[in-house]
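The values are calculated or read from the model by the stated rules, or taken from the named source; none is laboratory data. Note that the structure is predicted; figures quoted are calculated from it, not measured. Here Cβ is always computed from backbone atoms with ideal geometry, including for glycine, and neighbour counts include all displayed protein chains. Each accessible area value is taken on the protein alone, full model and side chains, heavy atoms only, with ligands, DNA and RNA left out. Shrake-Rupley method; radii C 1.70, N 1.55, O 1.52, S 1.80 Å.
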Amino acid sequence: MGLAKYVVRRIIYMIPLVIGISIVSFFVMYAAGDPIQIATMGNPSITEAQRQFLRNYYGLNDPIPVQYLRWLDHFIHGDFGMSLYGGKPVNQIIGSLFWETSKLQLFSIILAFIIAIPAGVYSAVKQRSVTDYSVTSVSIFGISMPVFWFGIVLILIFSYHLGLLPSAGAHGAPSLWPVFGIRDPFLDELAHLILPATVLIFAGLAWHVRLLRAGMLEVLRQDYIMAARASGISERKILYKYALKNAITPLITLLGLEIGLMIGGAPVTEFVFSWPGLGRAYVTAVSKLDFPLIMGITMIITIMVLIANLITDLAYAWIDPKVRLE
Amino acid sequence: MNILEVEKLKTYFFTEAGVVKALDDISFSIPKGSTLGLVGESGSGKTVTAQSVLRIVPKPGKIVGGSIFFEGEDLLPKKEGEMRKFRGKKISLIFQDPTSSLNPLFTIGEQLGDIVVQHMKLKKSEAKEWVIKTLKLAKLPDPENAIHSYPHQFSGGMKQRICIARALLLSPKLLFADEPTTNLDVTIQAQIIALLKDLQRDLGMTLVMITHDMGIVADMCKWVVVLYAGNVMEIGPIDKIFEEPHPYTEALLKAIPRLDQTKELVFIPGNIPNLIDPPSGCKFHPRCQYAKEICKEKIPSLEDIGDGHFVSCHRWKELNNRG
């Protein structure tokens, strides 16, 4: 089957999935409570009539299926509606936060992947050596530390005591640049990335390294590796070409999951570093029952997961000639 | 003139259960241009011998002593980088299972081409021509298309032809074939044996057939080395081995099923011994029908009994009315 035809078919299959998930999310959300009640809780002078006016304004008094169909109609036209707070369109809110979250997450995921490859290969080759145990210890340390605690420790050391790196946000005001000896916007963004990315990389690295190490240990026992060695192929080529391609599939699976879930994946890190991202916005939206924003971010996550799944399947077929796309 | 001389070779596996003496002080030599049979039961050390010569013994195995002279040069002190120039170029190995010895994720052309590039520093296009030429030599049909195919697209027999071509890419002087027919259908076995015989004759290689099939040995080999539990039991020209065999070889020969056989199959009672804690004296004595007190107490030495025949047995002379 042609690749293009396969991809088109998979995308068509996504449509009922997306609709199904939107229905479930929509109805679960309505079971959670009355957003107008929550929004006006802090205001004792508001009257019930005013609340009714707000409910009518946002269409919350219509039967739920009617509300859903209205939402669906807007969604198909690419419109997620207005946030209940601040009166901004959800599209606009998501648009600016999406980029910041993707930047932080992709940077961390890709860097973790790049670090994991030599670390995993090396600890498999030098199994039970000091290096192997050190790599394992560092990665287990990373996975066991609570993200908020590690983040705060990094801020204490690198921002508060050493004054080397900014502790909050994705950008600094140009007037603050000289504080960290920075002169251009790119370096400023990079400086803001370092601490939150470090937290995310440490949290994810253990999975990558352990998966690759296990895969490599299995592959290095295979006859075809000994056959390559018996043919005089250099050790570097055996490890990084012949063995790695056989051992990397679980890592591709993990990578696909991480990229799919990255949008809502790191709210804690985003909170600790006041990162203007979707994870933080998502949690805030849920706590306030900001329906349009919750639905918007849920749909973005759904679509990302489905696309990442498709890309993972394509990657499998590209790696293993025995995998057929059908 | 010997192409390979193995002297007092010891290869041990340092496992958690203890030290497995897979090769315990073995010596033999291979005359240039001959076909030699390396014979023994599973676990006798045949494969480890080939791996030791190429110095690719898998962990936790290690060569702990002895020397391996290839064309007069000792291979054991060589650095890893130097040793790599021997592997696949001067000494090659064909594996038992063609399916598991080909990498499933790379095309035939890629896997074989890399070997040519590694040793010859050729361009990819030149390497491709070289690979096609060698696949033709191994009588693989349609090699021009085969190089773009993956291993799973071939049958077992075809895969073994590809593996033979891989071993022959750089016209090695010494070729180990480790039970190359064990995993194949009987009809294909005969074809592969015929191919190996032709190639050995046409290319003037020295061929070591690792096998437990005495039929193949009788068919192909001029010389035989019989291994048992990491020891050499017997070395000799094929006719001497069949005429006046070591008691272990005799038991192996009796175990060959025959078409006119009416009685039950003959087998050697017992199992190959535990190599962590091997029997005292001659390692074969617990299973030997001729064993006496001395066999339990003293390790026999490999004795020259003339005509290039060497036997490691306390009782051989007595049993064969010599001396």
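Structure data summary
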| quantity | calculated |
| --- | --- |
| Qualifying residue in the range A:296-308 (condition: at pLDDT 90 or above and either polar (S, T, N, Q) or over 19 Å from A:ILE21 (Cα atoms) (or both)) | yes |
| Some residue of the range A:34-50 being open to solvent by 40 Å² or more (accessible area, probe 1.4 Å) and under 30 Å from A:PRO16 (Cα atoms) | yes |
| Test result for A:GLY86, at positive phi and open to solvent by 50 Å² or more (accessible area, probe 1.4 Å) | yes |
| Near pairs, Cβ below 9 angstrom, 6+ apart or cross-chain, from the range A:35-63 (under 19 Å from A:THR284 (Cβ atoms)) to any residue that is open to solvent by less than 70 Å² (accessible area, probe 1.4 Å) and among the hydroxyl-bearing types (Ser, Thr, Tyr) | A:ALA39/A:TYR85 |
| Given (1) surrounded by fewer than 18 Cβ atoms within 10 Å (Cβ to Cβ); (2) away from every other protein chain (no Cβ under 14 Å); (3) farther than 24 Å from A:HIS74 by Cβ, number of the condition A:GLU258 does not satisfy | (1) |
| Single condition B:ASP307 does not satisfy, out of (1) surrounded by 12 or more Cβ atoms within 10 Å (Cβ to Cβ); (2) out of contact with any Cys (no Cβ under 7 Å at 6 or more places or on another chain); (3) under 20 Å from B:CYS221 (Cα atoms) | (1) |
| Filtered residues of the range B:99-143 (kept if among the small types (Gly, Ala, Ser), assigned to a loop (DSSP other than H, G, I, E, B) and more than 12 Å from chain A (Cβ to nearest Cβ)) | B:ALA138 |
| Every residue from the range B:207-251 that is of a type in the set (Lys, Arg) and in a loop (DSSP other than H, G, I, E, B) | B:LYS222 |
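Per-residue answers, yes or no, for (1) away from chain A (no Cβ under 14 Å); (2) open to solvent by 20 Å² or more (accessible area, probe 1.4 Å):
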position	(1), (2)
B:PHE28	yes, no
B:LEU36	yes, no
B:LYS46	yes, no
B:VAL57	no, yes
B:GLY61	no, no
B:GLY66	yes, yes
B:GLU73	yes, yes
B:LYS78	no, yes
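Here's the yes/no breakdown for (1) polar (S, T, N, Q); (2) open to solvent by less than 30 Å² (accessible area, probe 1.4 Å):
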site	(1), (2)
A:ALA116	no, yes
A:ALA119	no, yes
A:LYS126	no, no
A:SER139	yes, yes
A:ILE143	no, no
A:VAL147	no, no
